[in-house]
Amino acid sequence: MRITLALLWLTTLLLRPAAQADDLTLSARAGFDGLYRNGAAVPILVSARNDGAPLEGEIRVAVDDGAGGENVFTAPVALPTQSDKRVALYVHVPGFSGSLKVELVSDGRVVATTTSNLLTLIPPESLLYGVISPDSGALAFLETVNGSRTGAAVAFLDLADLPDVAVAWRALDVLVFDDVDTSRLTAGQLAALRTWVENGGHLVVTGGPGGPKTAAALADLLPVTINGVESVAALPALEEFVGASTTAPGPFVLTDASLRRGEVMLAQDDRPLLATADLGLGRVTFLALDPKLAPLAGWAGHDALWQAIAMATPTPGPWSNGIQDSYSAGAAVSAIPGLRLPSLGGLLLFLLAYTVVIGPINFLVLRRRRRSELAWITIPVLVLLFSAVTYFTGFRTRGGAAVLHTLTVAQGSIEAEQVRAQSIAGLYSPQRGRYDLALPYETTAVPLSGGGVGIGSDNVDAIVRSGDLTLRDIRIDTGQVVAFVIDGYAPRPALSGEARPTDDGRAIIVTLRNESGAVFENAVLVYGDKQVRVGDMAAGETREMPLTTTPGVPLGATPTPDPLFPTGIVIPNPLINDPTFILGTPDYYSDPDAYPRWQLLQSLYNYSAPAVAPVSAAVTLAGWLPDSPQAIDINADVTRSAVTLVLLEIPLRP
């Protein structure tokens, strides 16, 4: 009886959680106030409190990959007694609305679980505001201010909600700081903020009595220099700007400032009330008034003022969404340099030799020697011989070492410090093996699904965020390619340029400089729906290129037509419509170097969707650089192959 009770007690001890519910609590907030965009990393902030015995484990979020499997995102956590910790994860979710299940796992057992808030998908054509304010409800009206978009949504945030990983900000279009102390932002958050703005974000900073503290950590981003706070009796310029009289009596408190860059959109007695400046592909706007106070609060012209601010939000460019077509991405990364399938002619010659040797030649030799009865020996021997030749030829074709093949798209402004660097990394192994990949902390990663190659979430145990980002225990079968999409930011490629109109306005002169140590290959300039060939630029070379803007006059030489597209069918993207300049050959389906580049170009375009961006007053420099800015460490000796597609926007300056 005692033995039975002891066994029952031991079983109960082993099966119960390591910590009681009263000792361990878990909570999670996902998205930007529950909002997220398809294709963008979703931040999830997990809070864990432990009032029991010390505990070590990992936070785990398993997300459906949309193909019947799961992508597992984890982060280690140590919870001493009486501890309260926050862990940030950045996950990729398919296009659905729902919540995420979060687990705390210790010693292989789930000791606590929770469910995040509901996630709501924001359409790509809607404007998403992030608002940080002590009275967020006072800015709820922004849901009706959509600028040039078809709709708008508002996420009410705290400073702590802002990620320190810049790529996790991509869902936001506009971020409003109102009456908050930005000096509380961490260095990582400030760096991520700047990178987000440089790559198309719109930062709005408000003033009023709290203006100086709101601008405290943002001085180098603002178009103005903050001088202090002052009161004015009236604001007739504001009334004229929106065409509505203010109803509240003065005086009005505003943040006094002076313009240091950009332009003043609205001024009162030489005081900037509304100023804006470009930063890379993004924009920074300063509003000298507090939207919660008079004269703006409750004013009929309030919405019109904010509509003008919203209209200044940059429009995403044609490549801003990154990789769209997983099939083309998979085809690009699986075209491993140096690994070539045997030619059709070679296969036919091998089959012919096999048939002739094992048949007529074998028969004639044995007949000549009058030993036909030996056929039962010679035929199996010849079969084994040809099988061995086939095996060793195939093994040699596969190569003897693992290969890490990285294709990167570096896209952004030629004036920015950081540009978006999205990579497809394919790991090929000639034999069965297990690998770990380590990436910088500032990146996100997810297995690539689709593309007709052996890839998917079943090949990786977990994506672990700790001091770096680790793809843990990647399992690869013989001759298989396992691929991942890695997203992040990197220093702008060492290329520079300016675009200025001629005095008569009939042309644009573009000055280009290759400041890198490598040849910039097959460069082209894209302007609107046209392109002009630049060609290879040697390291250190400077070149001037004229672009005509006269109606009816061709922009440049006409590329060779794509043989797969009949005349008259035009895709609204010049690099896709005719890629012969940027690929350097019209025969890119047969060229082993051009083919993966062509597939990479195609992966950036969604043929089923309409064009995202209108023709802009900017010139885009496109071309190829050897190697990749994406740092990847692997726990094995591998052969590396990499290339980077550069897409840098050159603003047109007068």
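Readers should treat all values here as calculations from the given coordinates under stated rules, not as data from a laboratory. Predicted, not measured: the structure shown is a model, and the values here were computed from it. Cβ sites come from the backbone with ideal geometry, for glycine too, and all protein chains shown count toward neighbours.
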Most positive-pole-ward Cα, G280, V264, F252, against dipole of the range 239-289 from beta carbon charges: G280
Sites T355 and I377, calculated FRET efficiency, Cβ-Cβ separation with R0 25 Å, nearest 0.05: 0.85
Likely footprinting exposure, D637, D436, fewest C-beta neighbours within 10 Å first: D637, D436
Candidate lysines - alpha carbon under 29 Å from K213, same-chain residues fewer than 8 apart omitted: K85, K292
Label point 7 Å beyond Cα of R472 along Cβ direction - residues of the range 80-113 with amide nitrogen under 12 Å: 105-109
The range 122-311 - charge dipole about Cα centre, Lys and Arg +1 at Cβ, Asp and Glu -1, debye rounded to 20: 280
Contour excess over end-to-end distance, with Cα ends at Q307 and Y441 and 0.36 nm allotted per residue: 44.5 nm
Amide H contacts of S413 (H built 1.01 Å from N, under 5 Å, at least 5 apart or other chain): L281, E649
Backbone HN-Hα couplings from phi across the range 140-152 [Karplus 6.51/-1.76/1.60, Hz, Gly and Pro as x]: 5, 4, 4, 4, 9, 10, 10, x, 9, 8, 8, x, 8
Electrostatic dipole magnitude of the range 131-225 [Cβ: Lys, Arg +1; Asp, Glu -1; Cα centre; debye, to 20]: 180
Packing-based order for 301-312, 75-86, 122-133, 413-424, using average beta carbon neighbours within 10 Å, highest first: 413-424, 122-133, 301-312, 75-86
Difference of contour (0.36 nm per residue) and Cα-Cα distance, E125 to S27: 32.1 nm
Neighbour-count order for D51, D164, fewest beta carbons within 10 angstrom listed first: D51, D164
Neighbourhood charge, 12 Å Cβ-Cβ cut-off, centred on R492 and excluding it, Lys, Arg +1 and Asp, Glu -1: -4
Interchain or long-range residues, amide H under 5 Å from G52's placed H: Q82
Per-bin percent of Cα-Cα distances, the range 179-278 [5 Å]: 2, 12, 21, 23, 19, 12, 7, 4, 1
Cβ-based net charge around L648, under 13 Å, with every Lys or Arg adding one and every Asp or Glu removing one: -3
Cβ-based net charge around A216, under 14 Å, with every Lys or Arg adding one and every Asp or Glu removing one: -2
FRET E, pair A507, E240, Förster distance 25 Å, beta-carbon r, rounded to 0.05: 0.05
Exposure proxy order (Cβ contacts within 10 Å, fewest to most) of T548, T580, T542: T542, T548, T580
Peptides 189-199, 516-526, 146-156 ordered by average Cβ neighbours within 10 Å, highest first: 189-199, 516-526, 146-156
